[in-house]
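See below for the structure under consideration.
The values are calculated or read from the model by the stated rules, or taken from the named source; none is laboratory data. Worth saying up front: this structure is predicted, and the values here are computed from it rather than measured. Counting neighbours? That spans all protein chains shown, and the Cβs are built from the backbone with ideal geometry, glycine included.
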Amino acid sequence: MTDASAPGKLILVGEYAVLDGAPAIVAAINVRARAKVVSIPGPESIYFDALTSHAYYFVIDGSDGLHWVGERPEANGTILEAVIASCCEHSSLFVDGPSFRISMNTDDFFTNSGGRWTKLGVGSSAAVLAAFVGALMAELNLTPTPEELLAVCHTAHRRFQGGIGSGADIATALYGGVVIVRSDAELETISASACAWPSSLVAMPIWSGVSASTPELLSRFDKFKVASPDQHQHHLRRLKTLSEQACVAWSAASISDILDTLASYDEALCSFDAEAGIGICTEPHARIRQLVERHGAVYKTSGAGGGDFGLALSDSLEVLDAVRADCHESGFEVLDKVFAVEGLIVS
């Protein structure tokens with residue numbers, strides 16, 4: 001039996017620009033998805049859905065992927081299909097014949113607000129997929145290189161998401177800490193390098209109160225690219241330049257430059273959104289931004305925007321404590337999570 005867990009993520013800078021080859025800085029947070037894989041005898045494998053207490057059966061064909069025997073689960077079933085298909089493509093990492101009992105858990109990625117469970121947009125699908133792949137490889141006594149593991153997970157996650165996404169959440173789920181991620185859309189590959197969290201920088205995730213659909217936002221991003229290619233490139237060039245500048249400032253641990261660049265990035269994102277109508281900078285984010293800036297801190301949306309989280313950033317814990325108090329009074333929830341936590345853990 002093998003257990004594995006992997007963290008969620010928050011993007012600090014590089015949203016959208018990372019889709020065009022620019023770097024993104026991403027931090028792992030201590031919200032973890034879990035997977036368990038147990039080898040079992042017989043031709044059929046089992047996926048156990050803990051939420052419904054229902055078992056789903058399937059068989060694995062090493063050359064053709066996964067085939068359900070009877071009923072098929074929904075979201076996690078698609079993750080299973082994507083992972084097995086990607087493992088079969090990397091023939092050196094997978095063999096015919098094994099059967100498993102599999103379970104997955106993403107409870108950490110939901111919050112109960114007013115008696116209603118809401119999904120936090122911090123990379124749950126990437127985290128649970130990375131945990132599952134890590135557990136599966138260990139159960140098979142396989143030891144892929146970090147590059148092979150990243151390739152399998154990135155391929156699987158793109159398959160799961162219908163071919164979209166930069167892979168930043170996958171790299172962060174695997175490696176943890178803080179990573180600088182670059183993607184190559186043409187080659188469908190990513191690279192990631194570790195970097196340190198600057199000691200004087202403090203950040204606080206603030207929940208907008210609204211869940212966002214990343215695929216829907218990316219679809220609008222792509223539609224604007226087709227409809228207005230010149231304006232699209234104009235805004236992307238600005239975002240890419242700021243992403244590069246943020247990486248330089250981050251590497252130098254220059255807190256003032258980091259804060260200035262992240263503020264400029266958020267402003268550029270909102271300018272892009274105002275013309276493209278993607279829905280990145282929504283009214284809740286505008287309200288939080290006003291609240292944060294009142295205390296002299298920097299605010300920016302994190303990820304695709306449209307809802308989910310924004311980040312309050314400062315060089316002062318006292319400033320963020322004041323922001324926290326105002327958030328509480330205004331009805332915005334602060335996510336008390338640690339940044340730069342460990343990545344994939346297999347036991």
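Is it the case that some residue within the stretch 101-122 is modelled with pLDDT of 80 or more, farther than 30 Å from residue 310 by Cα and not polar (S, T, N, Q)? Outline the logic, then answer.
Here is the first cut: in the stretch 101-122, the residues modelled with pLDDT of 80 or more are 101-110, 119-122.
Next, only the ones that are farther than 30 Å from residue 310 by Cα stay: 101-103.
In the following step, the residues that additionally are not polar (S, T, N, Q) were identified as 101-102.
Checking the stretch 101-122: at least one residue is modelled with pLDDT of 80 or more, farther than 30 Å from residue 310 by Cα and not polar (S, T, N, Q).
When the stretch 207-237 is filtered for residues that are among the β-branched types (Val, Ile, Thr), in a helix (DSSP H, G or I) and within 30 Å of residue 118 (Cα to Cα), only 214 remains. Taking each residue of the stretch 251-269 that is surrounded by 19 or more Cβ atoms within 10 Å (Cβ to Cβ) and looking for partners that are basic (Lys, Arg) and not in a helix (DSSP H, G or I) with beta-carbon atoms closer than 8 Å, six or more apart or interchain, yields 262/300; 265/300; 266/300; 269/300.
When residue 51 is tested against the conditions (1) of a type outside the set (Phe, Trp, Tyr); (2) surrounded by 15 or more Cβ atoms within 10 Å (Cβ to Cβ); (3) not in a strand (DSSP E or B), the lone failure is (2).
Looking at the stretch 191-204, is at least one residue β-branched (Val, Ile, Thr), assigned to a helix (DSSP H, G or I) and either closer than 23 Å to residue 336 by Cα or without any contact (Cβ under 8 Å) to a residue 40 or more places away in the chain (or both)? Spell out the reasoning first.
First pass over the stretch 191-204, keeping only residues β-branched (Val, Ile, Thr): 202.
Restricting the remaining residues to those that are assigned to a helix (DSSP H, G or I) gives none.
No; the residues of the stretch 191-204 include none that is β-branched (Val, Ile, Thr), assigned to a helix (DSSP H, G or I) and either closer than 23 Å to residue 336 by Cα or without any contact (Cβ under 8 Å) to a residue 40 or more places away in the chain (or both).
Consider the stretch 164-181 and keep the residues that are touching a helix residue (DSSP H, G or I) at 6+ places or on another chain (Cβ under 7 Å) and in a strand (DSSP E or B). The one that is farthest from residue 129 (Cα to Cα) is 180.
Scanning the stretch 292-312 for residues that are in contact (Cβ under 8 Å) with a residue 40 or more places away in the chain, under 20 Å from residue 336 (Cβ atoms) and in a loop (DSSP other than H, G, I, E, B) gives 302, 303, 307, 308.
Restricted to the stretch 58-95, and to residues there that are within 28 Å of residue 107 (Cα to Cα), out of contact with any Gly (no Cβ under 9 Å at 6 or more places or on another chain) and among the acidic types (Asp, Glu), the residue that is modelled with the highest pLDDT is 71.
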